[in-house]
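Below is one structure, written out as structure tokens; comments come after it.
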Amino acid sequence: MIGFCQFGAGRIGAIHAGKIASHPDARLQFVVDPDRAAAERLASRHRAAVASQAEALANPAVNAVVIASSTDSHADLVEAAARAGKAVFCEKPLDLDRSRAEACVAVVEECGVPLMVGFNRRFDPSFALLERQIRDGRIGRLELLTITSRDPAPPPIEYVRRSGGLFRDMMIHDFDLARWLLGEEPVEVVAKASCRVDPKIGKAGDIDTAMVILKTKSGSLCHINNSRRATYGYDQRVEVFGSKGMVRSDNLRPTAILRSNDATTEARDVLLHFFIERYQQSYLNELNDFIDAVLAKRKPTVGAEDGRRALLLANAAVESNRTGKTVTIK
């Protein structure tokens, strides 16, 4: 039985806490959050206790931590947990600053504890099957990868101000997905972005509409497009084109019903609303992988280097959009 401490009692924290509580080999021991009322609500829901950071990390009943707090707290909490000898699951990113993230990883490696970074899309059943078909050679040599990710509505402006920007907050998931599906590291990044959805986002110093092209050493190309607003729901599509064909993962809907009548030949349910609904299974699979890694004393599937590489691409996209130039990844 693995005893967990959960840092963060917000939206993503609630998802992780529920998955921990339902796992037969895990128990949620403590919830830690600056908002004590939120911590108490989440803890009571899963028969856990509320504690301070120091109390939770000093408790021998805690074997692992899940860090789902604000981004600016991630690196400090990862280091504190590692020094306390706890296995660490941390939501992306480890930090917005590359040097700080690398320093954090160095502490984890020195302490010898497992670290998993929360890139949950690798654990989505559709994307996982798509990746296996690529590796099995079903499409031949991969030539083009297209990733579409569009949110149903923009986040609150306060969130935008502290998010680190669209490339580091939203598209970073797509950068990790691209690396995984491409099977090799991108060496060139070209980014173009603008503010087309909400002028307030631009005034806050961010963008809400973006396209990025990645190129690998072998010549494979990846196109990623993001928008903070899709009026029809959470748009999550991936298409992989190769020398022998194509494989595609389409959007999910509440049901697979297709209706036809004299007015239309295709009427379907709207798309699943947002990431909580779309990626429920991936969050479960992700946590299961982390727990299995801790029990089996193996490295988690998605580790510190994956977090570093995704941040490297996000920072390159920021630079390319700022300068209008192609950025080379070394």
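The values are calculated or read from the model by the stated rules, or taken from the named source; none is laboratory data. Remember, it's a predicted structure, so these values are computed and weren't measured experimentally. Counting neighbours? That spans all protein chains shown, and the Cβs are built from the backbone with ideal geometry, glycine included. Remember, those area values only see protein heavy atoms, side chains included, never the ligands or the DNA or RNA. Shrake-Rupley method; radii C 1.70, N 1.55, O 1.52, S 1.80 Å.
Counting only residues that are free of Cβ contacts under 8 Å to residues at least 60 places away in the same chain, in contact with an Asp or Glu (Cβ under 9 Å, 6 or more places away or on another chain) and farther than 21 Å from Thr71 by Cα, region 1-39 holds 1 of them. Exactly one residue out of Ser282, Ser220 is at pLDDT 95 or above, among the hydroxyl-bearing types (Ser, Thr, Tyr) and under 30 Å from Phe4 (Cα atoms), and it is Ser282. Checking each residue in region 185-212 for being surrounded by fewer than 17 Cβ atoms within 10 Å (Cβ to Cβ) and over 19 Å from the mean Cα position of the chain (by Cα) picks out Val187, Glu188, Lys192, Ser194, Arg196, Pro199, Lys200, Gly202, Lys203, Gly205. Out of all the residues in region 227-245, is one or more open to solvent by 30 Å² or more (accessible area, probe 1.4 Å), within 27 Å of Lys330 (Cβ to Cβ) and at pLDDT 95 or above? Checked against the condition, which is being open to solvent by 30 Å² or more (accessible area, probe 1.4 Å), within 27 Å of Lys330 (Cβ to Cβ) and at pLDDT 95 or above, region 227-245 yields no hits at all.
Quick one: how many residues across region 299-316 are surrounded by 21 or more Cβ atoms within 10 Å (Cβ to Cβ), farther than 17 Å from His74 by Cβ and either at pLDDT below 95 or over 17 Å from the mean Cα position of the chain (by Cα) (or both)? Of the residues in that region, 1 qualify. Pairs are defined by a Cβ separation below 9 Å, a sequence spacing of at least 6 or placement on different chains, a first member in region 110-135 that is under 19 Å from Asn63 (Cβ atoms) and modelled with pLDDT under 95, and a second member that is open to solvent by 10 Å² or more (accessible area, probe 1.4 Å) and among the hydroxyl-bearing types (Ser, Thr, Tyr); no pair meets this definition. Is it fair to say Gly164 is in a loop (DSSP other than H, G, I, E, B) and modelled with pLDDT of 95 or more? No, not satisfied. If you go through region 51-98 and keep only what is at pLDDT below 95 and over 27 Å from Leu284 (Cβ atoms), you end up with Asp72, Leu96, Asp97, Arg98. Contact map, region 52-75: residues that are part of a helix (DSSP H, G or I) paired with residues that are open to solvent by 50 Å² or more (accessible area, probe 1.4 Å), Cβ distance under 6 Å, separation 6+ or inter-chain. Pairs shown: Ala75/Arg100.
Residue count for region 112-141 satisfying the condition of being among the small types (Gly, Ala, Ser) and under 21 Å from Val247 (Cα atoms): 4. Residue check: is Arg138 farther than 27 Å from Ser69 by Cα and either touching a residue at least 60 places away in the same chain (Cβ under 8 Å) or outside any helix (DSSP H, G or I) (or both)? When the stated conditions are applied, Arg138 passes them.
When every residue of region 282-301 is checked against the conditions, at least one turns out to be polar (S, T, N, Q) and assigned to a loop (DSSP other than H, G, I, E, B).
Pick out the one residue from Ala106, Ala82, Ala75 that is touching a strand residue (DSSP E or B) at 6+ places or on another chain (Cβ under 7 Å) and of a type in the set (Gly, Ala, Ser). None of the other options fit; the residue is Ala82.
Filter region 34-48 down to residues that are open to solvent by 40 Å² or more (accessible area, probe 1.4 Å) and outside any helix (DSSP H, G or I) and give me whichever is nearest to Cys90 (Cα to Cα). Going through the qualifying residues, I end up with Pro34.
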